[in-house]
1. Only one of (1) without any contact (Cβ under 8 Å) to a residue 40 or more places away in the chain; (2) within 16 Å of the ligand (Cβ to nearest atom); (3) not aromatic (F, W, Y) is not met by L174, so which one is it?
2. Taking the conditions exactly as written (on the phi > 0 side of the Ramachandran plot and surrounded by fewer than 24 Cβ atoms within 10 Å (Cβ to Cβ)), does G74 satisfy them or not?
3. Kindly check whether there is at least one residue in segment 229-236 that is in contact with a Lys or Arg (Cβ under 9 Å, 6 or more places away or on another chain), within 13 Å of the ligand (Cβ to nearest atom) and not polar (S, T, N, Q).
4. Can you tell me which of P41, P19 is assigned to a loop (DSSP other than H, G, I, E, B), over 14 Å from the mean Cα position of the chain (by Cα) and more than 19 Å from P130 (Cα to Cα)?
5. Starting from segment 130-147, keep only residues that are within 16 Å of P253 (Cβ to Cβ) and touching a residue at least 24 places away in the same chain (Cβ under 8 Å), then list their pairs with residues that are within 12 Å of the ligand (Cβ to nearest atom) and among the aromatic types (F, W, Y) whose Cβ atoms are within a distance under 6 Å, requiring at least 6 positions of separation or different chains.
6. Within the bounds of segment 169-181, is there any residue that is at pLDDT 95 or above, of a type in the set (A, V, I, L, M, F, W, C) and touching a Pro at 6+ places or on another chain (Cβ under 7 Å)?
7. Please work out if A34 is surrounded by fewer than 18 Cβ atoms within 10 Å (Cβ to Cβ), closer than 25 Å to D180 by Cβ and within 16 Å of the ligand (Cβ to nearest atom).
8. Of everything in segment 56-71, what is among the aliphatic types (A, V, I, L, M) and surrounded by fewer than 17 Cβ atoms within 10 Å (Cβ to Cβ)? Give them in sequence order.
Amino acid sequence: MNRILMTGAAGRIGAVLRPALRGRYPVLRLSDIAELGEAEPGEEIVTCDLHDAKAVEAMMDGVDAVVHLGAVSGEDTFDRILAANIVGAYNVFEGARRQGASRIVFASSNHAIGFHERTERIGLDASYRPDTRYGVSKAFGEILARYYFDKFGLESASLRIGTSLERPRDERHLSTWISDPDLVRLVRRCLEARPLGCAVIYGVSNNTRCWWNNDRAAHIGYRPRDNAEDYAEEILASAADSNDTATRYQGGPFAAEDYRAR
Ligand code: 15L
């Protein structure tokens, strides 16, 4: 891996990964529509709107692997989700293919499966149960990854990221949290595992209360070390979430927003 491109590099996850990937690979190309500051040694900075297919293809020149984070990162209008997450993901996969990149690490989300109930323990073969338009866009990205692997041999890992925060903040996070060091471990394994194939993996720490099982992605070699349980006593001592829908489903507040089914 000579040149890694990271889209959406100005977001929270980008800010965690940027110093961790810089220097590990000869060139880290960073892109966003937001300000990324000065390029550090070993970095290249490109301003690119992922909706612009030509600009995305040009940005892929010389890129070996892509960490695709660029997206609307929560629920939004369909127009915005369509432009940033659906058209944006398509442009990234197609641009990568045309320019000969070999793999894509795609930031999917637990919200692609957010309507599974918290009483369920689910694996990587669980049905899609998106809890928002945002979750639908992440399921689309995973299916796009499958298509590009089966049709063109473009390898990928779709990371169903739980909750990426410095530390867990509420009861749900005791199940969904991924620490910053574990996130770095996961992305590095996805960039370096040989072969990668077309993997899907939950981006989560080694949480005692985790709902998700990563056994089917064992070949990636991801070994999370942190556990949200270290914060359980403190978190559970404060007021619990009282929204029934939010506490019933794995997607929490995303599932509860605008919920009218039952
Ligand atoms: C996500 O996919 C969001 O991007 C993030 O803001 C969190 O809400 C996270 O999921 C979560 O489920 O906690």
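The values are calculated or read from the model by the stated rules, or taken from the named source; none is laboratory data. Since this is a predicted model, take the numbers as computed values, not measurements. Here the Cβ positions follow ideal geometry from the backbone for every residue, glycine too, while neighbour counts run over all protein chains shown.
1. Here L174 meets the rest and fails (1).
2. No; evaluated as a whole, the condition is false for this residue.
3. no
4. Just a single option satisfies the conditions, and that option is P41.
5. If the second residue must be within 12 Å of the ligand (Cβ to nearest atom) and among the aromatic types (F, W, Y), the pairs left are D131/F254; T132/F254.
6. yes
7. Against the criterion (surrounded by fewer than 18 Cβ atoms within 10 Å (Cβ to Cβ), closer than 25 Å to D180 by Cβ and within 16 Å of the ligand (Cβ to nearest atom)), A34 qualifies.
8. The answer is A58, and nothing else.
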